[in-house]
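Shown next, in structure tokens, is the structure this report addresses.
Taken together, the values in this text are just the output of simple stated rules run on the coordinates, not laboratory data. Quick caveat: nothing in here was measured; it's all calculated off a predicted structure. As a convention, Cβ positions derive from the backbone with ideal geometry for all residues, glycine included, and neighbour counts pool all protein chains shown.
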Amino acid sequence: MSAIEYYMGLAYKIHLEPISEEDGGGWLATIPELKGCMSDGETPEEAIKNLEDAKFEWLTEAIERGITIPVPSKQPDDEEYSGKFTLRLPKSMHKQLAQEAKQEGVSLNQYILHLLSYNSGQKNTINRLLKEIENYKKN
């Protein structure tokens, strides 16, 4: 297997984002670990397809110049999650949460999951509203 075949076969993360209409529209695809490796297209699919060609050219140039080519790094979001984690908290908080769960008629685990989901949803809503306000101010 040649070096180019090896690197082309590696699963690099692809970053895909829309290009504003002011800048011509379409989609921009990049491989952040290969600095400067990017391409665009009218659709996300076209941008990714074009990125494969750009990746080949980028890798070929790096090999010819003797530049060290990074291999894809394992990202935190690549980890497998079991759905379990341990949390230590003060006894008073444990008691309070257990009492609230009992009042709701659910297990402590279900109650804490509800609280986490609710607060996560609120955070997402707030962030979305802040972005809309920012966009409104720009226009």
| Under 11 Å, Cβ to Cβ, from Ala54 - net charge with Lys/Arg +1 and Asp/Glu -1 | -3
| Charge tally in the Cβ shell below 15 Å around Tyr118, where Lys, Arg are +1 and Asp, Glu are -1, Tyr118 excluded | -1
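Over all directions, the average projected area of the alpha-carbon convex hull for the chain comes to how many nm²?
That works out to 14.6 nm².
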| message | Under 8 Å for C-alpha pairs, at least 6 residues apart: give me the relative contact order for the range 3-65, rounded to a whole percent. | response | 27 percent
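Do the sum for the chain: with -39,500 (n - 2.57) for every DSSP H run of n ≥ 4, divided by all residues, what is the mean residue ellipticity at 222 nm, to the nearest 500 deg cm²/dmol? Present the calculation step by step, with values, prior to reporting the outcome.
Values: 4 runs with 73 residues, N = 139.
Helix contribution divided over all residues of the chain: -18000 deg cm²/dmol.
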| field | Relative contact order, percent, the chain [alpha-carbon distance under 8 Å, six or more residues apart] | value | 14 percent
